[in-house]
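Step one of this worksheet: look at the structure below.
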Amino acid sequence: MRFHVYLIMSKTRDKYISYVGYTKDINKRIFLHNSSKGAKFTKGNKWFVIYKKSYTSKSKAMKEEYKLKKDYLLRSKIKKEFIKNENFDITTL
C-alpha cells in the first residue's frame, strides 16, 4: 500500500495559503478538500496540488508530513518552484 504526502495551495482574498497532509488515496482526499468535507482549515477554498510524494509505509509518510508542516522555508521553496516551472498563473486561483 502507498501513502502520499501532499502540499496544496489556494488563494483567499489577496493571500496565498497552503496545507500539508498525507493520505492513502490522493484523488479522493483532494476531492474532499475541494468539496468542503476535508480538513476544517481547507473548507470553502479551491485547492491545487503543487507537490506530492509517495511512501511505502505510513510512518515514513507521517514523518515527511510533519517535516513539511514545520519547515516554512521548504514549503515556500516548493510553491515558488511550482509557479516558476509550470508557468502557473497564480492569479487564477
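Bear in mind that the values in this text are calculations on the coordinates, not laboratory data. Bear in mind the structure is a predicted one, so any value in this text is a computation, not a measurement. Cβ atoms come from the backbone with ideal geometry, glycine included; neighbour counts cover every protein chain shown.
Pull out a ≥ b ≥ c, the square roots of the eigenvalues of the alpha-carbon gyration tensor of region 3-92, then state rounded if a/c is under 1.5, prolate if not and a/b is larger than b/c, and oblate in the remaining case. Taking the square roots of the gyration eigenvalues as a ≥ b ≥ c, region 3-92 is oblate. Here region 3-92 is assigned +1 on the Cβ of each Lys and Arg and -1 on the Cβ of each Asp and Glu. Its dipole about the Cα centre then comes out at about 320 debye. One chain, two ends: Ile17 and Glu81. Fully extended at 0.36 nm per residue, the span grows by 21.5 nm beyond their Cα-Cα distance.
Per-residue 3J(HN,Hα) values for region 3-17, derived from phi via the Karplus relation 6.51 cos²θ - 1.76 cosθ + 1.60 with θ = phi - 60°, read 10, 10, 9, 9, 10, 10, 9, 8, 10, 10, 6, 10, 10, 9, 10 Hz in sequence order (x marks Gly and Pro). Put a dot 7 Å past the Cα of Lys63, heading toward its Cβ, do the same for Ser36, and the two dots end up 3.9 nm apart. Computed from Cα atoms, the angle from the helix 72-85 axis to the main principal axis of the chain rounds to 60 degrees.
Each of Ser10, Ser57 was scored by other Cβ atoms within 10 Å of its Cβ. Arranged with the fewest first, they read Ser57, Ser10.
Taking amide hydrogens as placed 1.01 Å from N in the peptide plane, the amide H of Tyr51 sits under 5 Å from those of Leu7, each at least 5 positions away in sequence or on another chain.
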